[in-house]
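Read through the structure below, which is laid out as structure tokens, and then see the notes.
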Amino acid sequence: GLALATALAGKGGSVYVPGTPNTAIASVQSWDLTIDAENYDATVLGDNWKEFVAGLRGWNGSVNGFYNVVSDVTGQYQLYNALLTGASVALQLQTVAGGGTFEGLTNITNLAISDPVNNLITIKFTFVGNGSLQHNP
């Protein structure tokens, strides 16, 4: 199993957008990132096993938190505006305070807001990577 000494608590994570300095998006509860790799089927007649050729790489994910579009003008509003205008926005997903980042240009593809009568309003931005993803451990 994973030793407790190497396990990381998610509470140190954050999501940043470009700025001077980079600006943390407000009210984020979690983020998700998926990196995928296409594989093209190269199997021919007579083969007994499938063969594949590595193809394109891609990445996508989401930023989840409490609704704060109106007052978080440099964070949540920037993602909201990018969805409406079609502009790409750089995101930096941070796993621990001060490090462990995944960074790249994204297109915001979806915005979901939930406004329950008996709980807090939540927001979820879904994105797709637009180009390469940089990892800084």
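The values are calculated or read from the model by the stated rules, or taken from the named source; none is laboratory data. Because the structure is a prediction, the values reported are computed rather than measured. Here the Cβ positions follow ideal geometry from the backbone for every residue, glycine too, while neighbour counts run over all protein chains shown. The area values use the complete protein model at the heavy-atom level, side chains included, leaving out ligands, DNA and RNA. Shrake-Rupley method; radii C 1.70, N 1.55, O 1.52, S 1.80 Å.
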Those residues of the range 53-78 which are open to solvent by 40 Å² or more (accessible area, probe 1.4 Å) and of a type in the set (G, A, S) amount to A54, S71
Every listed condition ((1) under 19 Å from Y16 (Cβ atoms); (2) assigned to a loop (DSSP other than H, G, I, E, B)) holds for T101 save (2)
Being more than 21 Å from I35 (Cα to Cα) and open to solvent by less than 60 Å² (accessible area, probe 1.4 Å) narrows I123, I113 down to just I123
In the range 76-100, residues that are free of Cβ contacts under 8 Å to residues at least 60 places away in the same chain and closer than 16 Å to A26 by Cα total 4
Review point. Do we find a residue being outside any strand (DSSP E or B), of a type outside the set (K, R) and surrounded by 10 or more Cβ atoms within 10 Å (Cβ to Cβ) anywhere in the range 34-46?
Key: yes
